[in-house]
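Worksheet for the structure shown next.
The values are calculated or read from the model by the stated rules, or taken from the named source; none is laboratory data. Bear in mind the structure is a predicted one, so any value in this text is a computation, not a measurement. Using ideal geometry, Cβ is built from the backbone for each residue, glycine included, and neighbour counts are taken over all protein chains shown.
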Amino acid sequence: MDELLVWANETRKYTQNRVCSKKELKDIYFNYEDKIRQIWCWGYLPFLIDDALEIVITDILRRQKVKECKISEIIKTISAVSKKTLHEQEEYELLKLAKKAKKYGFVGVKNQINNHLKKWGWKKSWIYSQYSFSRYELEKEIKVYIKKNTDMILKKIHKSRLEKINQRKTILTEFNNRKLNNLADILSEYNYSHNIKME
């Protein structure tokens, strides 16, 4: 990546005050394409790992005589992530903030709102799309949650997470296949890392 940025800066300086010939433009384009191709080897690698793991897991499940219609659901269940992604962490903190705002009012949680915005102001951005998140939007979200039972929502989120983890454990225990367990762990960790990478 650093190499691409250095090259881009040098190319910008080189082309800034001159008209390039077609050959120069062609050379610049192919040079750029080559550098991007090198970077995207790493960008696409996780997708290839994901596909490869699913193929091997599918093969194990078929040998265990699992019906075809159940395989994708089992893979989804055993690849469940136990750790919270950044967006899940933000939602959890937002719910707690809404609970405090309901009790103390917006003035009483002014500093917490500022801190939340500073920490999670990027939350609407995704890969190449950068969108700012304003205080007005945050307060609007808090107002929506204030009208709801935040304790109940937090309990449901926690319960849902525990259910997924328990379903995963149950299925892996039923199959009692060491290779399947290892691949499920890798896939689960991959899903978590992939989410964090995107965020």
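Give the residue that is surrounded by the fewest Cβ atoms within 10 Å (Cβ to Cβ), with candidates limited to residues of region 65-94 that are part of a loop (DSSP other than H, G, I, E, B) and of a type outside the set (Ser, Thr, Tyr).
Lys65
Return the total of residues in region 184-199 being within 10 Å of the chain's Cα centre (by Cα) and of a type outside the set (A, V, I, L, M).
7
Mind listing whichever residues of region 6-56 are at pLDDT below 90, aliphatic (A, V, I, L, M) and either touching a strand residue (DSSP E or B) at 6+ places or on another chain (Cβ under 9 Å) or not in a helix (DSSP H, G or I) (or both)?
Listed by number, the list is empty, since nothing qualifies.
Tell me the residue from Lys118, Lys123, Lys164, Lys143 that is modelled with pLDDT of 95 or more and either of a type outside the set (A, V, I, L, M, F, W, C) or exposed (fewer than 11 other Cβ atoms within 10 Å of the Cβ) (or both), please.
Selected residue: Lys143, the only one of Lys118, Lys123, Lys164, Lys143 that is modelled with pLDDT of 95 or more and either of a type outside the set (A, V, I, L, M, F, W, C) or exposed (fewer than 11 other Cβ atoms within 10 Å of the Cβ) (or both).
Considering only helices (runs of 4 or more DSSP H) fully contained in region 105-189, which possess at least 3 residues that are under 30 Å from Val66 (Cβ atoms)?
Counting at least 3 such residues, we get 150-175.
Would you confirm, using the coordinates I've provided, whether Glu3 is part of a helix (DSSP H, G or I), under 23 Å from the mean Cα position of the chain (by Cα) and not hydroxyl-bearing (Ser, Thr, Tyr)?
Criteria not met by Glu3.
Tally time: how many residues in region 171-199 are polar (S, T, N, Q) and either touching a Phe, Trp or Tyr at 6+ places or on another chain (Cβ under 8 Å) or surrounded by 11 or more Cβ atoms within 10 Å (Cβ to Cβ) (or both)?
Going through region 171-199 one residue at a time, the tally reaches 6.
For the structure I just gave you, tell me whether Ala101 is touching a residue at least 60 places away in the same chain (Cβ under 8 Å), on the phi < 0 side of the Ramachandran plot and surrounded by 13 or more Cβ atoms within 10 Å (Cβ to Cβ).
Against the criterion (touching a residue at least 60 places away in the same chain (Cβ under 8 Å), on the phi < 0 side of the Ramachandran plot and surrounded by 13 or more Cβ atoms within 10 Å (Cβ to Cβ)), Ala101 does not qualify.
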